[in-house]
1. Applying 1/(1 + (r/R0)^6) with R0 = 25 Å to the Cβ-Cβ distance of Arg366 and Asp58, what FRET efficiency is obtained, to the nearest 0.05?
2. At 0.36 nm per residue, and after removing the present C-alpha to C-alpha distance, how many nm does the segment from Arg307 to Asp169 gain when stretched out fully?
3. Quick one: check the C-alpha center-to-center distance for the stretch 79-99 versus the stretch 197-267, whole angstrom.
4. Whole number in Å², please: accessible area per residue of the stretch 173-238, 1.4 Å probe, ligands, DNA and RNA not counted.
5. Please work out the FRET efficiency for the pair Glu384 and Ser282, using the Cβ-Cβ distance as r and a Förster radius of 56 Å; give the result to the nearest 0.05.
6. Please list, ordered by chain and number, the residues whose modelled amide H lies under 5 Å from the amide H of Phe358; skip anything fewer than 5 residues away on the same chain.
7. Counting only residues 5 or more places away or on other chains, whose amide H sits under 5 Å from the amide H of Gly241 once H atoms are built in the peptide plane?
8. May I ask which residue of Leu182, Leu212, Leu158 lies farthest towards the positive end of the charge dipole of the stretch 133-231, with charges of +1 (Lys, Arg) and -1 (Asp, Glu) on Cβ and the Cα centre as origin?
Amino acid sequence: MAPSIPTEPASKRNGTNDHEVPPIGPPPGLSSNPPRYISEHTLQQMLKSIGYDEAREDTYRLKGVQLIDSVRQSISLPVKTFDTAATYYHRFRIRFPSAEYNYEDVALASLFVACKVEDTIKKSKDVLCAAHNIRQPHDQRTPDDKMFDGPSKFTVGLERHILETIGFDFQAQYPQKLLIKLLRKMFPKGEKGDSPEVKRFIKDAYDMSIDLYKTFAPLKQPSFPLVMAILEITVLLTGIGKGQLSQFYSDQYPARKGCIVEVMLDLMDLYTQFSKSTKVGSRYDLNKLMGVKIDINKILSGNRYHRHFAWCDKCLQDSSDAVSVTPGSAISPATNSSLPGNNVVKRNNKSSEGTLRFVFDHDDARLERETVAEYFDDVYEEIEEEVEEKIPDEPRHSSRSAHHSHSSHRNHTDHGWSPYSRSRHGGHNSDRHKGRKSHGYY
């Protein structure tokens, strides 16, 4: 016999009424929305909050990116892995001070995470071994060496921390891919694409895309403004290809000139201050680089652009200068992470109610927050009520009783002569002058 289909609603079968309000479940927890790009004033606030020392941190930033590039070339990883690793490295460094983690450990851990994200998988020991062989070429080791057991555990611990820092948002931009397409459109094969000048132009532009990740520009702008800034600077340095750039400033390629100029100045600041630490800056004279920077500043002032695009003076809070922290000591776990048996990874213990979830769609996160707020926000209503309050009666005290208490108090407190008696016999109605009437006073 076939089973019968229930005709009553589920609420009646379960003993509940349709008009009853369903019970409110537990709070959904905390949601985090990782930002795709970071504005300049937000970046400055984050750096100030961690005690950013410009001279020291710039050195660590350049050395970290250079280490990522060297290890990447040593184990034959593609350039997209370098782009992702450098992005993760910058995002980690702007959130945590250099005293907590050594920049080399963070750089190698970022490259290890980028290998998994870009599907160019390498073991953590492979990355650590390549870095060791680069730092100490006289002491070559293999990835199976036991000396990498401790640092490998430390790298895995940093991997979890990096994933939380980027908010599990694995999206990354690869400006080299777009750069090659625009270069082919500027210099098609057969015309001038095989000339030495064009080859030099292409080499400088490609190497400049590597130097670009030694700045914070990839965190602030998308790929097209980055590539256009690279082409603009390469044209100013080499002097060729100026007429071909105008075709990219059309409706087909949406880009704002202010964004491009900001990236150009970031690159020129890098080349004028740290020319020896870059690939392109070391090929040109410092006077040539300074002249290009002056030309860019003229473009900036002529079009009345701000140094940083979308800059807001009101948004920048006037906070006090944060105290600069000192780098890790020689015996700290962060500095000596390569010591055997050292697998301790420091993490921030933030008290939170519920589970921390990472949401990528900002609109969905905002809608969810507004929906949940109706049930979990405390709403108070002020009600005014008039209440008649009776005034209590004052206690009545007679003057006689008050006088009696006062006199009794005086008698008890007087320790001198006793009161004078008006009669010899102590009578109250007698007077001492009555006895003198009989003696002829009248």
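1. Details: r = 37 Å, r/R0 = 1.46.
Working from the Cβ atoms, E equals 0.10.
2. On the way: separation 138, 0.36 × 138 = 49.68 nm, distance 2.91 nm.
That works out to 46.8 nm of additional length.
3. 22
4. On the way: 2680 Å² over 66 residues.
Per residue, the stretch 173-238 has 41 Å² of solvent-accessible surface.
5. Numbers: r = 77 Å, r/R0 = 1.38.
After rounding, the FRET efficiency stands at 0.15.
6. Counting only residues 5 or more places away or on other chains, the set is Ser32.
7. Amide H neighbours of Gly241, under 5 Å, 5+ apart: none.
8. Of the candidates, Leu182 comes out farthest on the positive side.
The values are calculated or read from the model by the stated rules, or taken from the named source; none is laboratory data. Given the structure is predicted, the values throughout are model-derived calculations rather than measurements. Note that we place each Cβ from the backbone using ideal geometry, even for glycine, and neighbour counts take in every protein chain shown. Areas reflect the complete protein model, heavy atoms only, side chains present, ligands, DNA and RNA absent. Shrake-Rupley method; radii C 1.70, N 1.55, O 1.52, S 1.80 Å.
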